[in-house]
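One structure below.
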Amino acid sequence: MCSHRQDLPSEIIDHIIGFLWGNAPALRNCALTCRTWLPASRHILFSSLQVSIFQRSHLESLISKSKSVPPVLTAYNVLVPGLIVDETYCTQPPAEAADEFPLQVDRRRFAHTFAFRLPSVFPNLTSLELWFVDWSRLSVHRSVFDLGFPLFARLTTLVLFSVTFDNFADLKRLVQGFPQLSSLKMSRTTWRRGMPAITRPGSEPFSRGGPARCAVRPKLAALFTRQGMDPSSSIAVMDWLLHTSSATTLEQVAGLSVETALQAEHVDGFLRCIASSLRELEISYDKGIAAEGQELLRPLPIGPRLRRLLIYLCSEEPTSAPPASSCLMTVLSAIPASSRLHHLQISIVASESASAIDWKAMRKTMEAQHFRALEVVSIIFRSTVPSAGFDIRQPELRQSVASELALVAPSGVEMSFELYCRFDGAADGPPEPVRFIVHVGKGRQTTTEYYEDR
């Protein structure tokens, strides 16, 4: 019997090493084992590596080192996929946070200088994050946007956190400057002047999907607009993207917020234009489903490719907002029964007790909708007031809720219900939060989880 060594194919080895994702010590050991294991181990180790630059002196030091020690630093820089440019230290820190800042801080602005200088230092950069950058009072030459940022030829993800531009045109130049950009994340992003003209829904580009089904950058696949975005700024960004290639390529949209009737109108028009390509949508109604006597929640324009829908609903003013149970029924009714959704998640924050939920009405609504392709339903209910008359801490009540949910869940659908309640604690203590989770399987089998945070 021959006793020769039989090596596994490199593809199998790479696949096995892939299971060690997040286990840095094990990956380092694999990288040192043999030459065959090195590429996959090194790729995973460096895939989440980020370099942060938060002072102008750091930028100068990084560039000078890359020139003085090319053999060592170049091998390291080629593997760096992420870069964070943070100008927090360039602003005057608040008095209460002064202890967190170094005594000697270089406060010179530098975010406008790295575009021409860093592409050669990080040639394979795929992610760029700009934090606390203020270009509103700084005269940034147009060449920085038109000639500097296109040098990042491989960059696919751009994150803008608390970035202020001089005008909206500068924001467009920045985003359009990256030739391979496919993901844009914006939070607290604004501009000082120059609010663009907004296209009214019902006219171009809303009526026919926009005049720009052409090759105009950016060609985004994912758009994230988080907290701090002014409603008018969000509308301007949506209107602009409909005039670019993104109108036909957006697959994931998260963070859309509806607070006013005008914003609801524009969000509805925006979703109708991108419905043919959209696969995942996250939308929030931060002030309930009605404002100023007008309905904000409309039948959602869900396209044939949408598979995942997340709806966040805040109804913390019981005097002006409908009951949370009624809001839940309205949300379910707004989803077309013909949709091919696979995953539905509804999160409700309400200033009322969970006892207000009408389980029978929920069951009737779910049966009436008759979702064809639905596989997973997740409902999260958070009560911001101490619960009265609905003590979920009692095992009998938890069993009753689980039995009701088993009847509500559609056949062949996995359903989970998370309930967050608050109960009065000690005389001088804060309310005690309680979490109760019910999982209903496709065969109506039920499992529960119960937690008390003390």
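Restricting attention to region 288-318, and to residues there that are under 17 Å from Ser383 (Cα atoms) and open to solvent by 80 Å² or more (accessible area, probe 1.4 Å), which single residue is modelled with the highest pLDDT?
Tyr312
Can you name the residue in region 267-287 that is among the basic types (Lys, Arg) and free of Cβ contacts under 8 Å to residues at least 40 places away in the same chain and, of all such residues, is most open to solvent (accessible area, probe 1.4 Å)? Show your work before the answer.
Of the residues in region 267-287, the ones among the basic types (Lys, Arg) are 272, 279, 287.
Narrowing the set further to residues that are free of Cβ contacts under 8 Å to residues at least 40 places away in the same chain leaves 279, 287.
Details: Arg279: 95, Lys287: 127 Å².
Top of the filtered list is Lys287.
Here is a yes/no grid of residues against (1) β-branched (Val, Ile, Thr); (2) surrounded by fewer than 21 Cβ atoms within 10 Å (Cβ to Cβ); (3) touching a Pro at 6+ places or on another chain (Cβ under 6 Å); (4) not in a helix (DSSP H, G or I):
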residue: Ala111; (1), (2), (3), (4): no, no, no, yes
residue: Leu128; (1), (2), (3), (4): no, no, no, yes
residue: Ser136; (1), (2), (3), (4): no, yes, no, yes
residue: Val144; (1), (2), (3), (4): yes, yes, no, no
residue: Leu147; (1), (2), (3), (4): no, yes, no, no
residue: Leu155; (1), (2), (3), (4): no, no, no, yes
residue: Ala169; (1), (2), (3), (4): no, yes, no, no
residue: Val175; (1), (2), (3), (4): yes, no, yes, no
residue: Gln180; (1), (2), (3), (4): no, yes, no, yes
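Assess whether Ser207 counts as being under 28 Å from Arg307 (Cα atoms), modelled with pLDDT of 90 or more and either open to solvent by 40 Å² or more (accessible area, probe 1.4 Å) or out of contact with any helix residue (DSSP H, G or I) (no Cβ under 7 Å at 6 or more places or on another chain) (or both).
Values: under 28 Å from Arg307 (Cα atoms): yes; modelled with pLDDT of 90 or more: no; either open to solvent by 40 Å² or more (accessible area, probe 1.4 Å) or out of contact with any helix residue (DSSP H, G or I) (no Cβ under 7 Å at 6 or more places or on another chain) (or both): yes.
In short, no.
Can you pull out every residue in region 78-109 that is among the hydrophobic types (A, V, I, L, M, F, W, C), at pLDDT below 80 and either part of a strand (DSSP E or B) or over 14 Å from Ser162 (Cβ atoms) (or both)? Even if it seems obvious, please write down each step before you answer.
Within region 78-109, the first condition is being among the hydrophobic types (A, V, I, L, M, F, W, C), and the residues that meet it are 78-80, 83-85, 90, 95, 97-98, 101, 103, 105.
Subset that is at pLDDT below 80: 78-80, 90, 95, 97-98, 101, 103, 105.
Within region 78-109, Val78, Leu79, Val80, Ala95, Ala97, Ala98, Phe101, Leu103, Val105 qualify.
Just to verify a result, which residue in region 353-394, among those that are open to solvent by less than 30 Å² (accessible area, probe 1.4 Å) and part of a strand (DSSP E or B), is modelled with the lowest pLDDT?
Residue satisfying both the conditions and the ranking: Ser383.
Among the residues of region 395-415, is there at least one that is modelled with pLDDT of 80 or more and assigned to a strand (DSSP E or B)?
There is at least one residue in region 395-415 that is modelled with pLDDT of 80 or more and assigned to a strand (DSSP E or B).
How many of the residues in region 114-125 are crowded, with 18+ Cβ neighbours inside 10 Å and not hydrophobic (A, V, I, L, M, F, W, C)? Steps first, answer last, please.
So in region 114-125, the residues crowded, with 18+ Cβ neighbours inside 10 Å come out as 114-115, 118-119, 121-122, 125.
Still in the list and also not hydrophobic (A, V, I, L, M, F, W, C): 119.
Total satisfying the criteria: 1.
Looking only at region 330-350, count every residue that is in a loop (DSSP other than H, G, I, E, B), closer than 13 Å to Ser378 by Cβ and not hydrophobic (A, V, I, L, M, F, W, C) and tell me the total.
If we filter region 330-350 for residues that are in a loop (DSSP other than H, G, I, E, B), which is where we start, we get 334-342.
From what's left, closer than 13 Å to Ser378 by Cβ: 341-342.
Now restrict to residues that are not hydrophobic (A, V, I, L, M, F, W, C): 342.
Final tally of qualifying residues: 1.
Say whether the condition of being outside any helix (DSSP H, G or I), modelled with pLDDT of 90 or more and either open to solvent by 60 Å² or more (accessible area, probe 1.4 Å) or on the phi < 0 side of the Ramachandran plot (or both) is met by at least one residue in region 258-266.
From region 258-266, those outside any helix (DSSP H, G or I) are 258-260; that's our starting set.
Filter once more, so that each one left must be modelled with pLDDT of 90 or more: none.
Within region 258-266, not a single residue is outside any helix (DSSP H, G or I), modelled with pLDDT of 90 or more and either open to solvent by 60 Å² or more (accessible area, probe 1.4 Å) or on the phi < 0 side of the Ramachandran plot (or both).
Just for region 20-73: of the residues that are of a type in the set (Phe, Trp, Tyr) and under 23 Å from Val85 (Cα atoms), which one is modelled with the highest pLDDT?
If we filter region 20-73 for residues that are of a type in the set (Phe, Trp, Tyr), which is where we start, we get 21, 37, 46, 54.
Adding the requirement that they be under 23 Å from Val85 (Cα atoms) leaves 46, 54.
Details: Phe46: 71, Phe54: 79.
Among them, the one singled out is Phe54.
Could you give every pair whose Cβ atoms fall below 8 Å, whose first residue belongs to region 393-416 and is without any contact (Cβ under 8 Å) to a residue 12 or more places away in the chain, and whose second residue is aromatic (Phe, Trp, Tyr), counting only separations of at least 6 or pairs across chains?
Hits for this filter: Leu397/Phe390.
The values are calculated or read from the model by the stated rules, or taken from the named source; none is laboratory data. Owing to the predicted nature of the structure, the values given are computational and were not obtained by experimental measurement. Cβ sites come from the backbone with ideal geometry, for glycine too, and all protein chains shown count toward neighbours. Heads up: the accessible areas ignore ligands, DNA and RNA and are worked out on the full protein's heavy atoms, side chains in. Shrake-Rupley method; radii C 1.70, N 1.55, O 1.52, S 1.80 Å.
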